[in-house]
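Participant: Have a look at this one before I ask anything.
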Amino acid sequence: MRTTARVVVPIVLVVALSLLLEGHNLPGGGFIAGVLTTTAFALLYLAFGLDFLERGVLGREVESGKAPSRDRVVVAYRRLFAAGLAIAVGSALVPLFFGVPFLSQTYVVLEGVPIYGHVELASAVVFDLGVYCVVVGGLLTILSAVGAE
Amino acid sequence: MTASSDPAVLLVAIDAALVVVGALCVLCSYRVIRGPTVADRVVALDAIATNVVAIAVLFALRTDRGLFVTISLVLAIIGFIATVAVAKFVDRGEVIQ
């Protein structure tokens with residue numbers, strides 16, 4: 001199971017990233033990218049246990065036992081939730097300064113970018129990023145709180 | 001090779017495959033409802049998830065819209081995680097330890 005998780009988690013994260021980046025003109029977007037990222041983290045939790053992120057990835061010393069050891073990661077998830085909400089609302093408020101309605105979106109087409117050549121830079125990506133952070137933060141908070149019980 | 005690239009043959013094959021996979025979903029749902037053990041139900045649900053992925057891919061081929069391939073990818077990932085979680089729950093008794 002751990003071997004499978006080592007292979008699958010990066011693939012799931014790449015799929016989530018591609019869905020996040022292409023979400024403004026193809027199916028995809030912030031919500032499903034957030035759900036897939038949470039799925040990757042859920043697979044990590046399933047395979048390696050609830051302390052793996054703190055102890056194995058971040059290298060922090062945590063005491064074993066369920067309630068106190070996951071506190072700082074959960075605080076980080078909550079902060080991600082709040083930051084995502086701020087990004088989404090902020091990006092929705094920006095069009096008001098240009099005299100267009102709330103949540104209006106636009107895009108810029110960049111030509112001559114190396115490797116890609118033709119890139120559409122859409123303002124909806126910022127809103128999608130906010131939604132992504134909200135979904136990841138909220139779902140991971142729920143997951144680690146429920147998983148510790 | 002001309003027969004395999006014939007659109008009429010391909011459409012008939014895709015329609016037949018859709019009917020077969022739909023019938024498989026119904027048969028698997030019988031096993032989900034009547035399954036004597038939990039493992040039977042889990043395997044049947046996993047088979048239904050795989051069938052839905054197959055339906056999405058066949059529908060993408062049928063309607064020539066690539067977005068359903070993305071849908072099938074996401075469904076496959078979520079079905080995989082669900083199966084792993086249920087298998088660990090049946091095996092160990094708790095999902096996240």
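Please treat every number below as a calculation from the coordinates, not as lab data. It should be emphasised that the depicted structure is a prediction, and the values quoted were computed from it without experimental measurement. Cβ: placed from backbone, ideal geometry, glycine included. Neighbour counts: every protein chain shown.
Participant: Measure off 7 Å from each Cα along the Cα-to-Cβ vector at A:V126 and A:S18, then give the distance between these two points in nanometres to one decimal.
Facilitator: 2.8
Participant: So what is the relative contact order for segment A:2-148, in percent, with contacts set as C-alpha pairs under 8 Å and at least six apart? Before the final figure, lay out the partial values.
Facilitator: Numbers: 193 pairs, mean separation 42.9, N = 147.
Once normalised by length, the contact order is 29 percent.
Participant: Projected onto the charge dipole of chain B (+1 at Lys/Arg Cβ, -1 at Asp/Glu Cβ, origin at the Cα centre), which of B:A39, B:L58, B:V69 gives the Cα projection farthest towards the positive end?
Facilitator: Value computed over the given set: B:A39.
Participant: Let me ask something additional. Does the protein assembly as shown come out rounded, prolate or oblate by the C-alpha gyration tensor, with a ≥ b ≥ c the root eigenvalues, rounded set by a/c under 1.5 and, if not, prolate when a/b is larger than b/c and oblate if not? Could the numbers behind the result be given before it?
Facilitator: On the way: a/c = 2.21, a/b = 1.06, b/c = 2.07.
Oblate, since a/c reaches 1.5 and b/c is not below a/b.
Participant: Now a separate question. Compute the signed sum of charges (Lys and Arg +1, Asp and Glu -1) over the other residues within less than 15 Å, Cβ to Cβ, of A:T106.
Facilitator: Details: positive: none; negative: A:E120, A:D128.
Once positives and negatives cancel, what remains is -2.
Participant: Specify the longest stretch of chain A that does not include any exposed loop site, a site being one of the chymotrypsin sites (Phe, Trp or Tyr not before Pro) with a non-H, G, I, E, B DSSP assignment and at most 16 other Cβ atoms within 10 Å.
Facilitator: Values: sites that count: A:F98, A:F102, A:Y116.
Segment A:1-97 is the longest.
Participant: Counting Lys and Arg as +1 and Asp and Glu as -1, what is the net charge of the other residues whose Cβ lies under 15 Å from the Cβ of A:V134?
Facilitator: Working: positive: A:R78, A:R79; negative: A:D128.
Summing Lys/Arg as +1 and Asp/Glu as -1 gives +1.
Participant: Right, something else. How far apart, in nanometres, would the label points at B:E94 and A:M1 be if each is projected 7 angstrom from Cα along the Cα-to-Cβ direction?
Facilitator: 1.2
Participant: Let me know the charge dipole size of the protein assembly as shown about its Cα centre in debye, to the nearest 20, where only the beta-carbon of Lys, Arg (+1) and Asp, Glu (-1) is charged. Walk me through the numbers on the way to the answer.
Facilitator: Values: 16 positive and 17 negative charges, 119 e Å.
The dipole magnitude comes to about 580 debye.
Participant: I need the trypsin sites (Lys or Arg not before Pro) found in segment B:62-97, filtered to DSSP loop residues with at most 14 other beta carbons within 10 Å of theirs.
Facilitator: Numbers: sites: B:R62, B:R65, B:K88, B:R92; in loops: B:R65.
Here the trypsin sites (Lys or Arg not before Pro) that fit, given the DSSP loop and packing criteria, are B:R65.
Participant: Relative contact order of chain B: what whole-number percent is it, with Cα pairs under 8 angstrom and at least 6 residues apart? Before the final figure, lay out the partial values.
Facilitator: Working: 68 pairs, mean separation 20.7, N = 97.
Reported relative contact order: 21 percent.
Participant: Okay, next question. Would you mind working out the magnitude of the charge dipole of segment B:3-92 relative to its Cα centre, with +1 at each Lys and Arg C-beta and -1 at each Asp and Glu C-beta, to the nearest 20 Debye?
Facilitator: Details: 7 positive and 6 negative charges, 70 e Å.
Value, rounded to 20: 340 debye.
Participant: May I ask for the Rg/Rh ratio of segment B:3-92, computed from Cα atoms with Rh as the Kirkwood radius, given to two decimals?
Facilitator: Numbers: Rg = 15.5 Å, Rh = 14.4 Å.
Reported Rg/Rh, Kirkwood definition of Rh: 1.08.
Participant: Would you please give the residues with an amide H less than 5 Å from that of A:A122, counting only those at least 5 places away or on a separate chain, with H modeled from the backbone geometry?
Facilitator: Sorted by chain and number, the residues that satisfy this are A:V108.
Participant: Moving on. Between A:P27, A:P95, A:P114, find the one with the highest GNM mean-square fluctuation for chain A; connect C-alpha pairs within less than 10 Å.
Facilitator: In the Gaussian network model the winner is A:P114.
Participant: Positive end of the charge dipole of segment A:2-148 (Lys, Arg +1 and Asp, Glu -1 on Cβ, about the Cα centre): tell me which of A:A83, A:P114, A:A42 has its Cα farthest that way.
Facilitator: Of the options given, the answer is A:A42.
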